[in-house]
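The structure appears below as structure tokens.
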Amino acid sequence: MVLDRHTPPEIHDAVEFEYKLPPIQTEKLENGLPLYWLDAGVQDVAQIDWVFPAGLWYEQKPSVAQATAGLLKNGTSKYTAEQIHEALEFYGAQLKINAGNDYATVTLYSLTKHLPDLLPMVREIITDATFPESEVEIHKHNAIQKLLVNLRQCEFVANQQIDALLFGPDHPYGRYSKKESIEAIRREDLVSFYQTHYNLAHARMFMAGKVGAAEVKCINDIFGKVAVEWSETQKDVFDVQPAKDKVLRISNDPNGVQGAIRIGRDFPNRHHPDYSPMVVLNTLFGGYFGSRLMSNIREEKGYTYGIYSSLSPDINGGSFIIHTETGRAVVEDAIKEVYHEMERLCNEPADEDELLLVKNYLLGGLLGDLDGPFSILQRWRTLILNGFTEEYFNNNINIYKTVTAKELQLLAQKYFSRADYYEIVVI
């Protein structure tokens with residue numbers, strides 16, 4: 001068959017496609033632990049996540065959750081930190097451990113064929129970390145040095161302070177590391193937090209890549225035979241205590257030529273009906289390179305190299321924040337234009353062509369996400385940890401496709417009132 005190169009192929013908008021989240025398998029290991037997995041790979045690689053209720057929300061002492069995550073792979077009864085790192089390098093694997101606001105996640109990336117060799121070591125790390133005193137002291141020293149360097153950067157300080165303004169400095173979502181809190185960490189704090197919140201009985205495991213029954217059996221043989229004892233996880237309730245003053249200006253460097261701007265407000269998490277349409281409105285407003293904020297403040301005014309807005313949904317709340325860095329002389333002008341773009345969206349419905357472009361961008365990115373096993377796993381992990389099913393994903397797709405300019409205007413009128421926003425500038 002000869003291709004007709006005179007007639008271009010028909011172009012379809014992303015809104016015309018059907019979107020289906022590939023199904024995930026659910027297994028229960030011999031000891032009752034859940035494993036969610038999907039075989040969606042063509043390369044001999046795998047990602048395995050162990051997710052624990054061990055984020056900042058659960059710490060009783062500041063900086064402990066992140067320190068525990070940072071030191072988890074620095075020694076067990078059988079392996080020294082050096083032996084663990086050498087083994088990972090030998091097999092070409094990565095083991096990442098991160099503590100967020102709500103959860104801590106242990107993530108292994110490996111060639112599938114090396115899982116039988118690596119998983120026993122990961123089990124030791126999860127169930128038998130020892131937190132050697134020498135490693136704790138090294139971690140504290142490095143964390144303090146890193147913090148002191150970061151505090152010289154206006155964008156780092158702005159990110160700290162906007163969360164504190166929105167939630168309060170004692171709220172887990174508004175709390176940030178300080179030199180004093182890092183210095184106050186003791187090995188006993190980490191051991192206690194680890195024993196309580198990295199209890200394997202509370203873990204949820206996720207696996208994706210070129211995997212199948214053999215890999216499920218391998219995980220069951222290594223993790224399913226561990227004796228687990230479920231216990232109640234203490235979860236405190238924190239009141240949001242936003243700052244009384246909504247405008248804050250900080251001089252971080254008297255000679256600084258650039259200012260970091262953060263403008264934000266609280267916003268409901270994924271369980272609220274406004275969240276999904278807000279994803280579309282956020283994209284239009286400041287969520288991609290062709291957004292209103294970019295077109296005005298970067299392209300037309302030249303105040304910045306980049307400006308974005310983002311939604312941060314957590315289990316116990318969320319926020320909506322605009323973030324940029326501009327020249328010192330145009331900071332206030334840039335802030336003025338941010339609110340101007342909010343007002344425009346409140347007063348005028350978006351043009352249909354512009355809205356179609358936004359929907360195509362949003363859905364086109366989703367098409368890319370559904371093409372790889374690790375990004376598919378991330379979609380499923382978010383759904384499961386938030387207590388959603390595939391139906392939530394399908395409903396979101398429908399909203400992205402069908403939300404109207406008028407509906408977005410009403411949403412802007414609800415959430416784009418300047419009086420609701422906190423703003424901070426750090427120079």
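All of the numbers you see were taken from the coordinates with simple rules; none came from a lab. The shown structure was predicted, so the numbers you read here are calculated from the model rather than taken from an experiment. Here the Cβ is made from the backbone with ideal geometry for all residues, glycine too, and neighbour counts use every protein chain on show.
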For the stretch 356-414 and the stretch 82-147, what is the centre-to-centre distance using only Cα atoms, to the nearest Å? 33 Å
Considering amide H positions built from the backbone, and no H for Pro or chain starts, which residues 5 or more places from G41, or on another chain, come under 5 Å of its amide H? G209, K210, V211
Förster radius 35 Å - calculated FRET efficiency between V226 and L367 (Cβ-Cβ, nearest 0.05): 0.35
Report ³J(HN,Hα) in whole Hz for each residue of the stretch 312-319, in order, from the Karplus equation J = 6.51 cos²θ - 1.76 cosθ + 1.60 where θ = phi - 60°; Gly and Pro get x. 10, x, 10, 5, 10, x, x, 8
Out of D351, D102, D128, any idea which swings most in a Gaussian network model of the chain, alpha carbons joined below 10 Å? D351
Karplus-derived HN-Hα couplings along the stretch 162-170 (A = 6.51, B = -1.76, C = 1.60, θ = phi - 60°), whole Hz, x at Gly and Pro: 5, 5, 5, 5, 6, 10, x, x, 9
Determine which aspartates and glutamates satisfy two conditions relative to K246: a Cα distance under 20 Å, and not lying fewer than 8 residues away in the same chain. E155, D163, D170, D266, E325, E332, D333, E337, E341, E343, D420, E423
Karplus-derived HN-Hα couplings along the stretch 408-416 (A = 6.51, B = -1.76, C = 1.60, θ = phi - 60°), whole Hz, x at Gly and Pro: 5, 5, 5, 5, 4, 4, 7, 10, 10
For K217, counting only aspartates and glutamates whose alpha-carbon sits under 18 Å away and dropping same-chain residues fewer than eight positions off, the answer is E27, E30, D39, D44, D49, D117
